[in-house]
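First up is the structure itself, then whatever we jot down about it.
The values are calculated or read from the model by the stated rules, or taken from the named source; none is laboratory data. Predicted model, so just to flag it, every value in this text is computed and none were measured. Neighbour counts are summed over all protein chains in view; Cβ atoms, including those assigned to glycine, are modelled from backbone coordinates with ideal geometry.
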Amino acid sequence: MRTDPGGSRGLDDYLTRDYARNIGAEIMGRNKFGPQRGPWRDHEWCGWWGDEPPFRTPVFVMTHHKRPSFTLSDTTFHFVDGDPATILEQAREAAVGKDVRLGGGVTTIRQFLDADLVDTMHVAVSPVKLGSGLRLWESPDELLDRFHLEVVPSPSGVTHHLFWRK
């Protein structure tokens, strides 16, 4: 962002500032919430972000291992098990007329794309090789049957893929 060291007033800054606009709830996968797998062994773990999560909305964490909801600062985390349509309905209700952001990770986003529950999507691609991991796609062209796509390179080296439903 422009207020950070090395920040700019360009496209990256604009899209970063737009990140939270009109968002009323977020859905994320268990892997985005934290590193634990299987049944919860440590209820003290409250996510990567410390006492003040950046979401400022209800967050629905998709998991097969429920745990009680808890609140940190202005964010309440709900741990839900279900199909994408059911979880999206819960998040829409909590969003009270605002948008629901699908925060990731890759497996969660693929589930919602496969269920045809995504209206718009912004994917920032950075030229960094991370090693192993999951791919969102082999090519963004895989989504062109359902979405319009605009690919916008930024001077920072990040390429923004902007999708919206046809």
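Annotations
- The residues on offer are Val118, Val59, and the sole one that is in contact with a Gly (Cβ under 9 Å, 6 or more places away or on another chain), modelled with pLDDT of 95 or more and among the β-branched types (Val, Ile, Thr) is Val59.
- Residue list for segment 150-166, restricted to those being outside any strand (DSSP E or B) and either loosely packed, with under 12 Cβ neighbours inside 10 Å or among the β-branched types (Val, Ile, Thr) (or both): Pro155, Gly157, Val158, Lys166
- Only one of the listed residues (Ala91, Ala85) is more than 22 Å from Leu162 (Cα to Cα), touching a Pro at 6+ places or on another chain (Cβ under 8 Å), of a type outside the set (Ser, Thr, Tyr) and outside any strand (DSSP E or B). That residue is Ala91.
- Qualifying residue in segment 71-79 (condition: part of a loop (DSSP other than H, G, I, E, B), closer than 20 Å to Phe33 by Cβ and out of contact with any helix residue (DSSP H, G or I) (no Cβ under 6 Å at 6 or more places or on another chain)): yes
- Only a single item in (1) in a loop (DSSP other than H, G, I, E, B); (2) out of contact with any Gly (no Cβ under 8 Å at 6 or more places or on another chain); (3) farther than 14 Å from Ile27 by Cα is not met by Gly97, and it is number (2).
For (1) in contact with a His (Cβ under 7 Å, 6 or more places away or on another chain); (2) surrounded by fewer than 18 Cβ atoms within 10 Å (Cβ to Cβ), each residue gets a yes or a no:
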{"residue": "Asp13", "(1), (2)": "no, yes"}
{"residue": "Thr16", "(1), (2)": "no, yes"}
{"residue": "Arg30", "(1), (2)": "no, no"}
{"residue": "Phe55", "(1), (2)": "no, no"}
{"residue": "Phe60", "(1), (2)": "yes, no"}
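- The lone exception for Ala85 - which of (1) of a type in the set (A, V, I, L, M, F, W, C); (2) out of contact with any Lys or Arg (no Cβ under 9 Å at 6 or more places or on another chain); (3) farther than 23 Å from Trp137 by Cβ; (4) loosely packed, with under 13 Cβ neighbours inside 10 Å it fails: (3)
- For segment 20-59, taking the residues that are part of a strand (DSSP E or B) and touching an Asp or Glu at 6+ places or on another chain (Cβ under 7 Å), the one that is nearest to Gly104 (Cα to Cα) is identified as Val59.
- Extreme residue, surrounded by the fewest Cβ atoms within 10 Å (Cβ to Cβ), among residues of segment 104-143 that are under 23 Å from Arg17 (Cα atoms) and touching a helix residue (DSSP H, G or I) at 6+ places or on another chain (Cβ under 7 Å): His122
- Among the residues of segment 81-100, at least one is under 30 Å from Ser154 (Cβ atoms) and charged (D, E, K, R).
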